[in-house]
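First the structure, in the form of structure tokens, and then the observations on it.
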Amino acid sequence: MEEIGRNIIRLESVDSTNNYTANHARLGELRHGAVIMAVEQTGGRGQMGTQWNSESGKNLTFSVLLERVNLSVERQFILTKIVSLSLVALLEHFGIDARIKWPNDIYVDDLKIAGVLIENSLQGNAIKRSIIGIGLNVNQSDFGALKATSFALVKKRDFAIDDLLFSFIARFNEIANRDTAILDADYLNKLYWLNESRSFEDASGRFVGEIKGVNESGALLVQKDAAVQSFQLKEIVFIG
Ligand code: BTN
């Protein structure tokens with residue numbers, strides 16, 4: 001993949017960096033690899049229609065525009081792997097051990113430190129454009145009732161937000177060019193709860209099972225009773 005981060009736009013305040021990126025990409029005003037970060041988002045969006053609230057000036061909230069990704073819809077999960085592994089590598093670089101809670105939440109112990117919202121536009125069966133939105137908790141120390149943490153809470157010091165952005169870009173540019181087989185292995189290796197006996201809930205209720213991996217389309221593979229079943233995003237809840 002062509003490099004990202006040659007062009008960085010910094011906004012003081014915007015509704016959502018994903019919205020901004022989508023609107024300006026549509027108008028032809030942004031090129032592949034553009035990175036749009038905001039000090040404050042007034043309408044930050046999370047997965048599955050949720051809100052992403054982030055204290056103004058405290059965290060890293062940004063989007064990356066990928067054009068001509070050249071991936072079929074069936075293989076789109078590769079992007080999820082690249083982004084999550086880049087975040088884990090960034091955290092590792094600053095001495096924080098993190099795991100990927102399927103599909104792409106980043107966890108330190110049992111607390112969320114980063115979230116990812118990938119929005120693809122398709123042309124036929126191919127991904128034409130992908131907007132990768134990332135919210136990384138950096139210097140915020142109070143998350144109310146949320147089970148969340150930040151760089152500052154883990155390391156007991158503040159971090160320069162720009163350093164983390166540059167570090168993410170460097171890691172992404174390296175990881176995006178890894179072979180798919182390596183990405184698959186690295187993703188599995190960092191998967192939260194892999195091979196652990198845990199509680200989940202699906203349409204038929206609670207059960208104890210073990211995560212065994214993901215399939216090519218990104219569905220979660222969980223051993224339930226004697227069989228391994230695949231689950232899409234809304235079909236399974238992690239209980240504990
Ligand atoms: C989630 O875990 O629910 C995904 C959160 C994604 C948040 C980021 S912040 C930058 C970008 N702009 C948005 O509106 N959302 C993403």
Among (1) open to solvent by less than 80 Å² (accessible area, probe 1.4 Å); (2) without any contact (Cβ under 8 Å) to a residue 60 or more places away in the chain; (3) within 30 Å of LEU66 (Cα to Cα), the one test that ASP163 misses: (1)
Test: residue in region 9-16 that is within 13 Å of the ligand (Cβ to nearest atom) and within 17 Å of the chain's Cα centre (by Cα): yes
Qualifying residue in region 146-156 (condition: touching a residue at least 12 places away in the same chain (Cβ under 8 Å) and farther than 18 Å from ASP97 by Cα): yes
Failed criterion for ILE211 (all others in (1) out of contact with any strand residue (DSSP E or B) (no Cβ under 9 Å at 6 or more places or on another chain); (2) open to solvent by less than 70 Å² (accessible area, probe 1.4 Å) hold): (1)
Residues of region 191-240 classified as assigned to a strand (DSSP E or B) and aliphatic (A, V, I, L, M), total: 11
Set ALA126, ALA148: member being small (Gly, Ala, Ser), within 14 Å of the ligand (Cβ to nearest atom) and surrounded by fewer than 22 Cβ atoms within 10 Å (Cβ to Cβ): ALA148
Test: residue in region 85-93 that is within 11 Å of the ligand (Cβ to nearest atom) and surrounded by 20 or more Cβ atoms within 10 Å (Cβ to Cβ): no
Region 50-60 - residue that is open to solvent by less than 40 Å² (accessible area, probe 1.4 Å) and in contact with a Leu (Cβ under 8 Å, 6 or more places away or on another chain) and, of those, farthest from ARG157 (Cα to Cα): LEU60
Tally of residues being out of contact with any Phe, Trp or Tyr (no Cβ under 8 Å at 6 or more places or on another chain) and surrounded by 12 or more Cβ atoms within 10 Å (Cβ to Cβ) across region 222-240: 7
Any hit, region 40-47, residues being within 13 Å of the ligand (Cβ to nearest atom), surrounded by fewer than 14 Cβ atoms within 10 Å (Cβ to Cβ) and modelled with pLDDT of 95 or more: yes
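The values are calculated or read from the model by the stated rules, or taken from the named source; none is laboratory data. Note that the structure is predicted; figures quoted are calculated from it, not measured. For neighbour counting, all protein chains shown are included, and Cβ atoms are generated from backbone atoms with ideal geometry for every residue, glycine included. Ligands, DNA and RNA are stripped out before the accessible areas are found, and what is left, the full protein with its side chains, is counted by its heavy atoms. Shrake-Rupley method; radii C 1.70, N 1.55, O 1.52, S 1.80 Å.
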